[in-house]
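Just below is one structure, and these are the notes that go with it.
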Amino acid sequence: MAETYRISSSFMVKFIPSRSLSTVGKSKTPTRSLTAKLTNKLLTDPELIRMASTDFGNIVQEIPLGILQPSCCEEIVDLVRAAYSDDNSSVLFPIAARGQGHSVRGQALARAGVVVDMTSLASKQGGTGGGAAIAVSWSALLGHYADVGGGQLWRDLLEETLGHGLAPVSWTDYLYLTVGGTLSNGGISGQTFRYGPQISNVHEMDVITGTEELVTCSPNENPELFYSVLGGLGQFGIITRARIALDRAPKRVKWVRMLYIDFSAFTRDQEHLISKNGRDQDNALDYVEGLLLMRQGPPDSWRSSFFPESDHLQIASLMDRHKIIYCLEVVKYYDDLTQNTVNKDLENLFQGLSHIPEFTFQKTLPTSISSIEWDDRMSVVVPDEDVFYFVGFLHSSGFDDWQEFDLQNKELLQFCEDAGIEVKQYLPHFGSEREWMRHFGSKWRLFQERKDQFDPKMVFAPGQKIFHSN
């Protein structure tokens, strides 16, 4: 018998296909020459070229002319200046800033261009490989904040701020990403419904623009650049410093997972829990995410590693009977003042939920998304709804069968279109201007105007293929 499920009218999707790494062949002799001064700074070691020719997805290969590992911001400014011809009428080569290369369709690549290794700048400034170079400060206007390089990892920032009893307000689920990388896309996790994405928790940035300038920007100083760069997919400049909002680090957390066999009950409970989303709302959760458990691999795989080993066989039996189990994962922060009331708070929050009662699991540890926290002035686009779902499809394949997963992704998008479900891609990848126009919708003209203003020669981020041809 067919089952009918209530489906939200809006999704934000992230496709993470990846395949085994292939061997990159030798690059051809570049047809465009670089100045002698710049050539001396560029690295062309075959292994470095190989690494800079692909990204996390291992799907796209674009061979650059060289890699710049800058020791200071001025070297990146010099690179942008060198990218222009002597008469300033054309671009000699494109530039792509690269952090951890965690894009999947070549967004961090630069064919016949220069890849800027931002982690090298972080290493020179401190952080991974060089100790902390993160300045934690306080002001009456902003409260606690941290100034951090764009090439620093979020993990570095966490380690440094925890030493002050503080932590960034909003996270991604994976911390081995660069600050500049996530701020160029959005930066989302199970905290977003309450604290907003990472781009909503930035006070100020230093940005190198395509007009050869290093500019400080904030909501009050050069605001157009500030809002353009946040979620701007690297199109308007390279983030070299960001001032990140901090708050008191949680002392302890209650981590709870609840299992469902009914999809409608699963989504209804998610939306109920994220409806309590005020930053100062004591009875709100701090993290809400949903995931699917499927009968793939042994029952003690990562999908059920949270659960007690004694329950693994029962969970596996549920999977066999229902094919898919829905899991709601939530977190509540607490401290010494609230340790005697946190269990009662959770009990009140969970009252009336429709999970399977005997499959509720909780851990105590030491230290779906609401659109209310998204600022429309930023370049990022999200579905035009008060509540939308962020759905991630994480595929890993062999070298020759990634196209099968890619086809599945396209079928999912087509299904949403046929069903009238609005979809916006996170880490978007499109092959034509018409598709990009559809993605940005009413923001497309503004996006173009910002490109003309801050990167008029279209130097930056060629791998996104928004303004660069395939």
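The values are calculated or read from the model by the stated rules, or taken from the named source; none is laboratory data. Keep in mind it's a predicted model, so treat the numbers as computed, not measured. Because the Cβ atoms are built from the backbone with ideal geometry, glycine has one as well, and the counts that use them run over all protein chains shown. Ligands, DNA and RNA are excluded from the accessible area calculation, which covers all protein heavy atoms including side chains. Shrake-Rupley method; radii C 1.70, N 1.55, O 1.52, S 1.80 Å.
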### Message
Straight-line reach from Lys344: which aspartates and glutamates fall under 17 Å, measuring Cα to Cα and dropping same-chain residues less than 8 apart?
### Response
Asp282, Asp286, Asp335, Asp336
### Task
Using a 1.4 Å probe over the heavy atoms of the protein chains, calculate the carbon and sulfur portion of the accessible area of region 215-297 as a whole percent.
45 percent
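Per residue, how much accessible surface does region 233-348 expose to a 1.4 Å probe? Answer in Å², no decimals.
Spelled out: the 1.4 Å probe surface of region 233-348, per residue, equals 48 Å².
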### Query
How would you classify region 123-243 from its alpha-carbon gyration tensor, with a ≥ b ≥ c the square roots of the eigenvalues: rounded for a/c under 1.5, else prolate if a/b is greater than b/c, otherwise oblate?
rounded
## Note on the structure
The percentage of the accessible area of region 164-203 (probe 1.4 Å, all protein chains present) made up of carbon and sulfur atoms, to the nearest whole number, is 56 percent
### Message
Using amide H atoms built in the peptide plane, which far-off residues or other-chain residues are under 5 Å from Phe236 H to H?
### Response
none
### Task
Step through the table entries Lys254/Lys276; Lys323/Lys424; Lys41/Lys457, compare each Cα-Cα distance with 19 Å, and write down the pairs that go over it.
Lys323/Lys424; Lys41/Lys457
## Note on the structure
Expected sort for 413-422, 140-149 on mean C-beta neighbours within 10 Å, highest first, is 140-149, 413-422
### Message
Show me the ranking of peptides 347-354, 437-444 by mean Cβ neighbours inside 10 Å, starting with the highest.
### Response
437-444, 347-354
### Query
If the chain between Asp173 and Lys276 were fully stretched, how many nm would it gain, using 0.36 nm times the residue separation less the Cα-Cα distance?
35.0 nm
### Message
How many angstrom lie between the Cα centre of region 421-462 and the Cα centre of region 193-263?
### Response
19 Å
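Let me know the shape class of region 259-360, please: from the alpha-carbon gyration tensor, a ≥ b ≥ c as square roots of the eigenvalues, rounded when a/c is under 1.5, otherwise prolate if a/b is greater than b/c, or oblate. Let's see the in-between values first.
On the way: a/c = 2.40, a/b = 1.74, b/c = 1.38.
It is prolate, given that a/c is not under 1.5 and a/b is the larger ratio.
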### Task
For an R0 of 51 angstrom, estimate the FRET efficiency from the Cβ-Cβ distance between Gln408 and Asp45 and round to the nearest 0.05.
0.85
